[in-house]
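Below is one structure; the comments refer to it alone.
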Amino acid sequence: MISEPRRRWLPFLVATFFASGCIRPAPGTWGTVAAVLVALPLFFLAPAQWWWLSFAIAACLATVLGLLSCPWSIRWYQRSDPSSVVIDEVAGMWLALALIFALPQAPTSGWMLYVSVAVAFAAFRVFDVAKPWPVYTLERLPGGWGIMFDDLAAGLYAALCVALMVMVFPV
């Protein structure tokens, strides 16, 4: 049986992605920074052909854990989309990286790799904040679904931006 304090800390650590969502200002940006920092070692430890699958699995895992921790977060913070909850930003950023590295022309080394990650980061933050259609409609889904799926859509848009960049500026 999980003790009462652990029962509170586990969803807190998941929802805030190890408290990165508690950093102010702009907790969503800090959560996205944390997602990228956790992702960086993969570029050095795994072969490039596995990056897309690794990020896809990570995005799926973050989404499932987010959906499980969001109901607790909504009750704890007494808000429908608490700003400290950044597991949605993590899932969205990792989805963007998964889609980018699934591209046949994905950059796998050199400066273009880092430019691609930086552009994905910036585009993800823009789409997450601006919430173009259909991102803003997904945000209206009930409970954790709305918290998670608007950021997954923003991640999809960010990946599309990087895909366009790679097509226009091939390496």
Packing rank of 24-33, 145-154, 81-90, where each peptide gets the mean count of other beta carbons within 10 Å, highest leading: 81-90, 145-154, 24-33
Listed values (1) 1.10; (2) 1.03; (3) 0.98, entry calculated as Cα Rg over 2.2 N^0.38 Å: (2)
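Within the set of other residues whose C-beta is less than 11 Å from the C-beta of G31, count the net charge using Lys and Arg as +1 and Asp and Glu as -1. Mind dumping the intermediate values first?
Details: positive: R125; negative: D88, E89, D128, D151.
Net local charge, G31 excluded: -3.
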Computed [θ] at 222 nm, deg cm²/dmol, the chain (DSSP H ≥ 4; -39,500 (n - 2.57); rounded to nearest 500): -24500 deg cm²/dmol
Separation of the L156 and L10 label points, Cα + 7 Å toward Cβ, nm: 3.1
Net charge dipole size for region 12-155 [Lys, Arg +1 and Asp, Glu -1 on Cβ; Debye, nearest 20]: 160
Inter-centroid distance (Cα atoms) of region 52-110 relative to region 124-147, Å: 13
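Read-outs: derived from the displayed coordinates by stated rules, not from any lab. Keep in mind it's a predicted model, so treat the numbers as computed, not measured. Note: ideal-geometry Cβ built from the backbone for every residue, glycine included; neighbour counts use all protein chains shown.
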